[in-house]
Every structure is written in C-alpha cells, then in structure tokens.
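First the structure, in the form of structure tokens, and then the observations on it.
Values quoted throughout were computed directly from the atomic coordinates according to the rules given, and no laboratory measurement underlies them. This is a predicted model, so every value here is computed, not measured. Virtual Cβ from ideal backbone geometry, glycine too; neighbours counted across all protein chains shown.
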Amino acid sequence: MAATKRARGSAFDQLLAARRKGVEDAFPSKATLVIAGVTYDQAKLDSKLEALLTMYEQVDQLREAYRKAVADRDAQSQATETFVTQLDGGLKAYFGGDTATLAKFGIAQRKQPTPMTAEERLQRKTKLQETRKLRHTMGSRQKQAVKSEGEPTITVATPLVAAPAANDAVESNTPASPIAPAVKSA
C-alpha cells in the first residue's frame, strides 16, 4: 500500500515504525529491493527507515518541548509584566524627565493632551453645571445658605382601639397596638 497522504504527525510515525518492524521480521536478509534507482538490502533498508523514523520522532520531541516552553512562559507572564512595570517606574524616577535617555530603554514619552479650544471649554463647563443641577450637588457655601424656616409642628396620633369583650378574663399590661411614630410637618 503506497502512502498517498502528506507525511505529518504521529500517524506517519506509526506507519514508519510498522514498515521497519516488517523489514526486521519478514524481509529476507539476502533479498534486495530497488527503490528510486537505489538498491537496498535488509540492513540498508532498516537503517534508512530508522533514520526517517528518528527525524519524525525528533520533531515530535521538539514540538512537545515547544509546548512546554510556551506554557512556562505563559505561567510567568504576570510576574514578568509586573517586573517590567516596576522597572519602568524605577528608570523614570532615576532619569527624571530625560526623554532622550528613556527612549534608549524603549520608554515612549507621555503624550501631552491637546489644548482645548474656547468652545470646548465652554461646552465642558456648561455640561458640568447641568450635571450638578440635576444631581442637586452644592458646594459648602451653598449648603450653609440652606436653612429651615419656622418651628416644626409635631403631631402624635394614637390609633383607636376597640373595647375588650365582656367575657375576656385575661388582662394584659401591654397596649393593644403600638403607638404611631411622631410626624413632622413644616
């Protein structure tokens, strides 16, 4: 059976291993086979298959090592980011505002905000005032100006309680219902 699929992965490794085992077990030692103009005996065929199988196994090993290295890197990414952030802070503190020196470390200069136009400043101030009005936000002097006028009137109302029935023999020292809370009116 000829291999028509592309040679990839462990399935092809298994195919090569099966061919090699067949050469070792079933191919006669004195027989020869011509493949692509090259004559192979059992020993030569076995060594060729072994070399091809080794090449595929090395790729599998390197792929697994790569996966492990990526997993190790990903596990350390948070610590690495924290270290780089702290390093940047230390370098900025050490060199101050010297942007030319910081640029040598790959630290870009902080972008300065573009100055606002007069129209943008007016729009910002109006929006701020409207927000404060909607939220009833006042400054400390505005709060001092707000005072209650007059004396508050307090009314206490007690609910009407039905008279106990004549055949009730049990007396109680507790009121029948709680007293209503005081109501404050202006």
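Determine the dipole magnitude for the stretch 17-153: charges of +1 sit on the beta-carbon of Lys and Arg, -1 on that of Asp and Glu, nothing else is charged, the reference point is the Cα centre, and the result goes in debye to the nearest 20.
1080 debye
On a straight-distance basis, which aspartates and glutamates could pair with K48 in a cross-link, Cα separation under 17 angstrom, same-chain partners fewer than 8 positions away excluded?
The reachable aspartates and glutamates, counting only those whose Cα sits under 17 Å from K48, are D13, E24, D25, E57.
Grab the Cα-Cα distance for A79 and A26, subtract it from 0.36 nm times how many residues apart they are, and report the gain in nm with one decimal.
Extra length available between A79 and A26 comes to 13.3 nm.
I need to check one value: relative contact order of the stretch 9-104, counting alpha carbon pairs closer than 8 Å and at least 6 residues apart, in percent.
Here the relative contact order equals 22 percent.
Just subtract the alpha-carbon distance of M55 and A11 from 0.36 nm times their residue separation and send over the number in nm, one decimal.
Fully extending the segment from M55 to A11 adds 14.4 nm.
Need the list of lysines near K111 for cross-linking: C-alpha distance under 20 angstrom, and skip anything on the same chain fewer than eight residues off.
In chain and number order, the partners are K92.
Rounded to a whole number, what is D in µm²/s for the stretch 9-104 from Stokes-Einstein with the Kirkwood radius over alpha-carbon pairs (4 °C, 1.567 mPa s)?
In µm²/s, the coefficient is 71.
What number comes out for the charge environment of T99, summing +1 per Lys or Arg and -1 per Asp or Glu over other residues with Cβ under 14 Å away?
That works out to +2.
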